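Colleague: Pasting a structure below so you can have a look.
The values are calculated or read from the model by the stated rules, or taken from the named source; none is laboratory data. None of the values given here were measured: they were computed from a predicted structure. Using ideal geometry, Cβ is built from the backbone for each residue, glycine included, and neighbour counts are taken over all protein chains shown. SASA here: full protein model, heavy atoms, side chains in, ligands and nucleic acids out. Shrake-Rupley method; radii C 1.70, N 1.55, O 1.52, S 1.80 Å.
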Amino acid sequence: MSKLLRKWLVLLLIGMISVTSYSAEKLDFTKIALHSDDDFSDLAQFANAIAGKRIVYLDELTHGEHEVFALKARLVKYLHQKQGFAALIIESGLFDVQEIVKKASMKAGESIASQAPGNIFFSYAADPAFLDLMHYIDAQRHTAKPLGLAGFDGRLSGEYAINRFVTQLQQQILALSQAKTLLADWEPYAKQLQATIERQFTPLTEQQIQQHIQKGFQIMDALIAADLEPTMDSASYYARLLEGVIRLFEVHYQVRRFDEHDLVMANNIHWLLENLYNNQKIIVWGHNVHVNRQGYLALRANNITTALEKAYGKQSYIVNFAGLSGQYRDYVDGKTKPLPTLSKQHLAYRLQSQFEDTPHAIFIEPQQFAAEQYRDLLLQGHEYQADYQIPVHVWRNHFDSIFLINSVTP
């Protein structure tokens with residue numbers, strides 16, 4: 001082969017690579033509005049992506065980004081209005097949310113939003129976009145197709161749980177045929193339940209710990225056996241609630257790991273799907289650590305999604321949300337923290353040209369970035385921490401699609 005021919009072939013190859021790179025970088029994405037409720041035409045690609053799915057999970061990398069909450073709230077309204085989703089299940093106490101819904105449904109009841117502070121998870125209850133969504137659910141209550149609302153967290157911590165749960169559990173036990181046996185030593189048992197809910201733990205012997213756990217499971221078994229038609233506020237519902245408090249107790253006294261709370265959360269969602277929302281489509285709103293396909297952080301212990309994989313995996317679709325820049329509020333210490341600066345290693349760095357200054361998002365899917373040039377690029381993971389960044393080529397191991405938001409605020 002002549003030198004001239006070799007040179008020509010090299011130049012041709014370089015040109016082909018350049019064209020491939022250029023055309024990939026020129027992908028054109030629809031701008032997704034964060035706050036528009038009147039026109040959902042920008043969500044056509046998202047609609048195609050979730051077609052045929054019964055469960056849509058909406059994650060969040062932190063509990064503290066307003067624009068993420070705003071877009072998630074808009075998607076909930078869209079899924080309800082245009083896609084026939086029947087309920088929103090949020091990362092907040094199962095008992096507290098149900099008590100809120102009951103009171104809001106009363107003729108002279110308070111709104112969901114007005115009851116949120118102190119009862120719904122505080123990061124949500126303080127955000128205007130989330131509260132607007134609660135007003136939407138209130139407004140839909142008396143329509144032909146209202147949007148249901150429930151919590152899935154078993155770690156009861158709201159004011160309603162602190163003030164009402166133990167008493168209402170006792171009323172459920174009183175209706176059981178074996179009530180006399182179960183309530184024989186009720187006072188010390190109830191005192192420990194209340195202390196657990198209030199996170200007021202005292203030193204206990206190994207025997208006392210085991211006795212308390214066994215008593216709880218005995219009550220749970222009796223409640224489940226007595227419930228022929230499980231509904232909200234029925235006996236098996238209280239068994240679900242009690243399991244969450246037992247797990248809280250077990251974690252504190254180091255009988256189980258902290259991440260095993262997710263198994264209670266998964267059981268709660270499963271119970272809601274099988275009883276309250278049988279054959280209906282639901283939206284699950286929670287933190288990425290609970291709703292990604294790789295399980296709980298680096299341990300790969302089961303989280304909600306992995307625990308429900310066998311029963312609902314093929315019916316599920318997981319949506320990730322990430323900001324490119326801005327700040328978020330850390331729900332643990334309350335401090336405002338910056339998002340890390342994007343480097344050239346990040347896929348989002350390549351997509352910055354898709355954005356303008358106004359707050360908006362773009363929707364991206366794995367198949368759009370299958371080319372080798374994207375393989376080693378990174379996506380943001382849990383809390384934007386460097387240790388949990390996700391290589392693009394294993395994207396689908398974690399979630400199905402992403403909404404990238406150009407800028408977020410606390």
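Colleague: Normalising by the residue count of the range 58-156, find the relative contact order in percent from Cα pairs under 8 Å and 6+ residues apart.
Modeller: Working: 117 pairs, mean separation 40.3, N = 99.
Answer for the range 58-156 is 41 percent.
Colleague: Rounded, prolate or oblate: which fits the range 296-410 when a ≥ b ≥ c are the square roots of the eigenvalues of the alpha-carbon gyration tensor, with rounded for a/c under 1.5 and prolate only if a/b beats b/c? Write out the running numbers ahead of the final one.
Modeller: Numbers: a/c = 1.68, a/b = 1.19, b/c = 1.42.
Verdict is oblate for the range 296-410.
Colleague: OK, next. Mind telling me which of Leu204, Leu147, Leu43 comes out most flexible in a GNM of the chain, alpha-carbon contacts under 10 Å?
Modeller: Taking springs between Cα atoms under 10 Å, the residue moving most is Leu204.
Colleague: Any idea of the accessible area per residue across the chain, 1.4 Å probe, to the nearest Å²? Could the numbers behind the result be given before it?
Modeller: Values: 19080 Å² over 410 residues.
Value for the chain: 47 Å² per residue.
Colleague: Mind checking the angle between helix 261-271 and the chain's longest principal axis? C-alpha axes, 0 to 90 degrees, to the nearest 10.
Modeller: 80 degrees
Colleague: Lys344: which lysines have alpha carbons under 26 Å from its alpha carbon, excluding same-chain residues fewer than 8 sequence positions away?
Modeller: Qualifying lysines at Cα under 26 Å: Lys26, Lys31.
Colleague: Gap in Å between the Cα centre of the range 321-342 and the Cα centre of the range 72-141?
Modeller: The range 72-141 and the range 321-342 have Cα centres separated by 25 Å.
Colleague: How high is the FRET efficiency between Gln214 and Ala301 when r is their beta carbon distance and R₀ equals 25 Å, given to the nearest 0.05?
Modeller: Numbers: r = 24 Å, r/R0 = 0.98.
Between Gln214 and Ala301 the formula returns 0.55.
Colleague: Which number do you get for Rg(Cα) / (2.2 N^0.38 Å) in the range 251-350? Let's see the in-between values first.
Modeller: Numbers: Rg = 16.7 Å, N = 100, 2.2 N^0.38 = 12.7 Å.
Scaled against compact globular proteins, the figure is 1.32.
Colleague: Follow-up question, since we're still on this one. Out of every Cα-Cα pair in the range 50-152, what percent are more than 23 Å apart?
Modeller: Details: 1117 of 5253 pairs.
Beyond 23 Å sits 21 percent of the P(r) for the range 50-152.
Colleague: Please state the shape class of the range 93-137: rounded when a/c is under 1.5, otherwise prolate if a/b exceeds b/c and oblate if not, all from the C-alpha gyration tensor. The partial results should precede the final answer.
Modeller: Working: a/c = 2.17, a/b = 1.31, b/c = 1.66.
Verdict is oblate for the range 93-137.
Colleague: Moving to a separate point now. Of the heavy-atom accessible surface of the chain (probe 1.4 angstrom), what whole percent is carbon and sulfur? Write down the numbers at each step before the final one.
Modeller: Values: 9990 of 19080 Å².
About 52 percent, which is the carbon plus sulfur part of the accessible surface.
Colleague: Can you tell me the 0 to 90 degree angle between the C-alpha axis of helix 186-197 and the longest principal axis of the chain, rounded to 10?
Modeller: 20 degrees
Colleague: In degrees between 0 and 90, to the nearest 10, how far off the longest principal axis of the chain does helix 3-25 point, with axes built from Cα atoms?
Modeller: Long axis of 3-25 versus the principal axis of the chain: about 40 degrees.
Colleague: By DSSP, what percent of the beta bridges with both residues in the chain are antiparallel, rounded to the nearest 5? List each step's numbers first, then the result.
Modeller: Details: 11 of 36 bridges.
Within the chain, antiparallel bridges account for around 30 percent of the total.
Colleague: Considering all projection directions equally, how large on average is the shadow of the alpha-carbon convex hull of the chain, in square nanometres? Working shown, then result.
Modeller: On the way: hull surface 98.0 nm².
Here the figure is 24.5 nm², rounded to one decimal.
Colleague: Dipole of the range 92-198, Cα-centred, from +1 at each Lys and Arg C-beta and -1 at each Asp and Glu C-beta, to the nearest 20 debye? Write down the numbers at each step before the final one.
Modeller: Details: 9 positive and 11 negative charges, 82 e Å.
The dipole of the range 92-198 has a size of about 400 debye.
Colleague: Per-residue ellipticity at 222 nm for the chain, helices alone: DSSP H runs ≥ 4 residues times -39500 (n - 2.57), over residue total, nearest 500 deg cm²/dmol? Spell out each step's value before the answer.
Modeller: Numbers: 16 runs with 173 residues, N = 410.
The per-residue figure over the chain is -12500 deg cm²/dmol.
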